[in-house]
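Undergrad: Here's a structure for you.
The values are calculated or read from the model by the stated rules, or taken from the named source; none is laboratory data. Note that this is a predicted model, so its numbers are computed, not measured. Heads up, the Cβs are rebuilt from the backbone with ideal geometry, glycines too, and the neighbour counts pull from every protein chain shown. Calculation scope for accessible area: heavy atoms of the full protein, side chains included, ligands and nucleic acids excluded. Shrake-Rupley method; radii C 1.70, N 1.55, O 1.52, S 1.80 Å.
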Amino acid sequence: MQGWFARSYDFLPPSNILPIFVGTHLAGYAQNFLKHFIARFPHYFKDKECGCRDVFTLNFLQKMGIKSYFSRCLTLTLPKREPANTQKQIFLVNLDDKIKALLPKNLKDKGIEINQRWVNLNSFQTFSQEFYLKFTQELLNRYKNEARLIITTALHCAAPCVALGIPVILIANNANEQLTRFTALKGILPLYTLEDLEQGRVDFSPQELDIEELKENMLLNLKLSILKAQGKMIDENLLLNAREKIANFNLLKQEMHNEMV
């Protein structure tokens, strides 16, 4: 159940399908639905553990009395790229005019604009699931092979690109978004706002981040969570240790410590 569940109430699988909640985000609509659903079917989550993509979802489920933990988003586990001399481009992904106007001139002039939010289907003749997967893979490959720096307002540009080893600047369009979905990157990336841009508080020379230890623990948690949900015997201490490391992973705290030293 790695997903963004937001605008419908048909995301919970029926009883003949075993849902394993890892990387789950519940937006306001889905949360309101679950409040009524749980009141009517309190046993649905009785033997389930919910891995939450973000702190917003985690806080909600814990208030509802559902066993849950902070699993982050599985897009953070993509394999790191190999360095190449083709990785020279600056990509501006889903930036509106207000944000672009506040960027340094050299980044605006050299940046290549990309819109990840929608695709002009009139440009294509087929719209199958395979088409969308191929289109997505091609975009990820472009970032992987060409990007030197990415500036974005999109969580699902920032997370996979950090995993790939690309320097990323993430800017929240509004404070509410920053406090909800973007907490998936808590302790990994600074979350900048429009005010940070206006006040000159953005570091426009970010470095590649090392999250390999986090990836290992996220993949271990995924493996053990699946086995546990299937009724298999697992090392519970190993699982709890992996989850604790995922929740407490904090590159930003380490950077502050290094600066103080």
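Undergrad: Given the options Met64, Met233, Met218, which has the most mean-square fluctuation in a GNM of the chain, springs set between C-alpha atoms less than 10 angstrom apart?
TA: Of Met64, Met233, Met218, the most mobile in the Gaussian network model is Met233.
Undergrad: To the nearest 20 debye, what charge dipole does the stretch 1-55 have about its Cα centre, counting +1 at the Cβ of each Lys and Arg and -1 at the Cβ of each Asp and Glu?
TA: 140
Undergrad: Excluding residues fewer than 8 places away in the same chain, name every one of the lysines whose C-alpha is closer than 19 Å to that of Lys253.
TA: Counting by Cα, and skipping residues close in sequence, Lys253 has these lysines nearby: Lys186, Lys215, Lys245.
Undergrad: Using a cut-off of 26 Å between alpha-carbon atoms, which lysines can reach Lys105, once sequence neighbours fewer than 8 places away in the same chain are excluded?
TA: Reachable lysines: Lys88, Lys144.
Undergrad: Just by accessible area at a 1.4 angstrom probe, what is the order of Tyr132, Tyr44, Tyr29 from largest to smallest?
TA: Putting Tyr132, Tyr44, Tyr29 in descending order of accessible area: Tyr29, Tyr132, Tyr44.
Undergrad: Net charge near Trp4: determine it from the other residues with C-beta under 12 Å of the C-beta of Trp4, scoring Lys and Arg +1 and Asp and Glu -1.
TA: Local charge sum for Trp4: +2.
Undergrad: Shifting gears a bit: Separation between the Val119 and Ser8 pseudo-spin-labels, each 7 Å from Cα along Cα→Cβ, expressed in nm?
TA: Using points 7 Å along Cα→Cβ, the separation is 1.8 nm.
Undergrad: For the residue pair Asp109 and Lys223, what label-to-label distance in nm results when each label sits 7 Å from Cα along the Cα-to-beta-carbon direction?
TA: The two pseudo-label positions are separated by 5.0 nm.
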